[in-house]
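Only the coordinates and a few stated rules stand behind these numbers; no lab work does. Since the structure is predicted, the reported quantities are computational estimates derived from the model, not experimental observations. Please note: Cβ atoms are built from the backbone with ideal geometry, for glycine as well, and neighbour counts cover all protein chains shown.
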Amino acid sequence: MVPAYVGSVTDVAFLLAPGANGGAEHPTLLAIEAAVAPAVVARVALPSRKAVERVVAEAAELAARAGVAPEDVVLGGRSYGGRMCSMAVAAGLPARGLVLISYPLHPPGRPDQVRTGHFPDIGVPCLFVSGKGDAFARPDELAVAVAAIPAPTETVWLDGGGHGLRGRDPEVVALVSRWVSGLRG
């Protein structure tokens, strides 16, 4: 059984985005949504172009629909979806926090193509959840990158997990629920 979100279900809303090849019905996103029910959740697939703009528009629509302030939306998702959310927040989108599952620090085997230039501009708490075997971000690489974020961060590594974190949804959801419960507006 996955622990449910224990904060007030009216104090935050959640915008969740899948990885580049995933859809809004990705099992991890569905599991997070179930854990935070009855909080308002928007699961959105992002286009390959203008994805950051889509995050901004979806977050504003979600805040209005949920009846919360824009700064009370928790943003994030898996891989590409989380990265696009982090870029939107770095560009000024208000948020309560960022949940970044399997953050794609760089393409596999290409550590010279780091995707973190925006990290110093992230001003909200961040949770990173990754597998120790993730080809997109080794623990040592991600630790260096995350140190550039001036806001509070927490990084959790799952033993034996690759980029997909297959079969790890209960652990991921428990981590996300616990972390979000600790956020204060």
Kirkwood hydrodynamic radius (C-alpha pairs) into Stokes-Einstein, the chain, 10 °C and 1.306 mPa s, D in µm²/s: 100
Model label zone, SER48; criterion: amide N under 15 Å from point 7 Å along Cα-to-beta-carbon; scope segment 69-110: 80-81
Segments 96-103, 166-173 sorted - mean Cβ within 10 Å per residue, highest first: 96-103, 166-173
Efficiency of FRET between ASN21 and ALA57 - r from beta-carbon atoms, R0 30 angstrom, step 0.05: 0.85
Extension reserve of the VAL156-ALA64 stretch, reckoned as 0.36 nm per residue once the Cα distance is removed: 29.9 nm
Span-rule helices in the chain, defined as complete DSSP H runs reaching 30 Å or more along the axis (Cα) with Kyte mean at least 0.0: none
Normalised contact order of segment 31-121, rounded percent, pairs of Cα under 8 Å and 6 or more residues apart: 22
Sum of side-chain charges, LEU100 neighbourhood, beta-carbon under 9 Å (Lys, Arg +1; Asp, Glu -1): +2
Difference of contour (0.36 nm per residue) and Cα-Cα distance, ALA91 to ARG178: 28.6 nm
